[in-house]
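Since the structure comes first, as structure tokens, the remarks are kept for the end.
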Amino acid sequence: MSYKIYNINGGYFFHSDEDILQAKCTSTLIKGKKNVVVNTMAPWDDGRMIASLVLHEVDPKQVAVVVSTNGSSSYIGNNHMFKDCIHIIGNCIQRRNVFLPDPFREGKPYLIDEDDLKVIPTPGRTLDDVSVVVKTEDKGTVVIAGDLFIKEEDIEDESIWLSTQSECPNLQRSNREMVLNMANHIIPGYGLIFEVTAEKKKLFYAQRPPFRPDPEVMAMVGIK
């Protein structure tokens, strides 16, 4: 079954003239066989969350899963509104006081609705980062990627996502490439949905640092 996605908050991410970061995360509602909210914003955004749920005629009790793509305070601030569902916060999967088995550490997805709606591990920004993959009626495969992509512009300008102090930049690059190759559209952590085009992929590969063999590995295999 295909799903529809709705924007709760579009998000933004920029540094002010005083070089102070100002950001508000993107929040997304997935409606279908299983209703899912991805990233509930900060505690000060509760009014926006309530208004959006009313607009889209979804009661918090009708939400099956809340996904926080990592444990950042900007992603989990209104999780408390959803008390009757499973919460996925990074690698942690929990319902009330029960912690459910975590497939992410083995590189496997958590299936919410078989292959139509699932959560996959995409570590990099943090080692616990996850993304939501959903097959939609109008936009094909959409990946809601959290901090894996900060906003559309960071495909052309890596300094944007590198400024977030990625715990493992090489792993983040690898997972960014994986998502670009599976998605028709991407919803980044702090920006609007964008289409994955051939031009976007070209910009991504143009940003990739040149390959530099590890000297120790080269020595081990007898190459000088």
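The values are calculated or read from the model by the stated rules, or taken from the named source; none is laboratory data. This is a predicted model, so every value here is computed, not measured. Cβ atoms come from the backbone with ideal geometry, glycine included; neighbour counts cover every protein chain shown. In case anyone asks, the SASA skips ligands and DNA or RNA and just uses the protein heavy atoms, side chains included. Shrake-Rupley method; radii C 1.70, N 1.55, O 1.52, S 1.80 Å.
Computed quantities for the displayed model
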read-out	value
For I93, residues with placed amide H under 5 Å, excluding near neighbours	L100
Residue-wise HN-Hα coupling along the stretch 76-91, computed from phi with Karplus coefficients 6.51, -1.76, 1.60 (Hz; x: Gly, Pro)	10, x, 10, 4, 5, 5, 10, 9, 10, 9, 7, 10, 10, 10, x, 7
Phi to ³J(HN,Hα) by Karplus 6.51 cos²θ - 1.76 cosθ + 1.60 over the stretch 57-63, Hz, x for Gly, Pro	6, 10, 7, x, 6, 8, 8
Selection of trypsin sites (Lys or Arg not before Pro), the stretch 53-134, meeting DSSP coil and at most 15 other Cβ within 10 Å	K83, R96
Accessible carbon and sulfur surface of the chain relative to its total accessible area, %, 1.4 Å	53
The stretch 23-79 - percent relative contact order, Cα under 8 Å, separation 6 or more	44
0 to 90° range, to nearest 10: angle between helix 46-55 axis and the chain longest Cα axis	70
Cα gyration tensor, the stretch 69-109 - rounded (a/c under 1.5), prolate or oblate	oblate
Value in Å of the Kirkwood radius, where the stretch 82-174 supplies the Cα pairs that are averaged	14.4
Virtual spin-label span in nm between L127 and R96, 7 Å along Cα→Cβ	3.3
Phi to ³J(HN,Hα) by Karplus 6.51 cos²θ - 1.76 cosθ + 1.60 over the stretch 122-133, Hz, x for Gly, Pro	9, x, x, 4, 10, 6, 9, 4, 10, 9, 9, 10
Within the chain, longest stretch clear of exposed GluC sites (Glu not before Pro) (DSSP loop, no more than 15 other Cβ within 10 Å)	168-224
Cα convex hull volume per residue for the stretch 1-117 (Å³)	120
Percent RCO, i.e. relative contact order, over the stretch 1-100, from Cα pairs under 8 Å lying at least 6 residues apart	21
Probe 1.4 Å, accessible area per residue of the stretch 22-94, Å²	41
The stretch 82-219: relative contact order as a whole-number percent, Cα under 8 Å and 6+ apart	18
P(r), alpha carbons of the chain - 10 Å bins starting at zero, rounded %	8, 33, 35, 16, 5, 2, 0
Projected area, mean over directions - the stretch 63-136, Cα convex hull, nm²	5.1
Inter-probe distance in nm under a simple model that places probes 7 Å from Cα toward Cβ, at L192 and Q62	2.7
Value at 222 nm in deg cm²/dmol, rounded to 500, when DSSP H runs of n ≥ 4 in the chain each add -39,500 (n - 2.57)	-5500 deg cm²/dmol
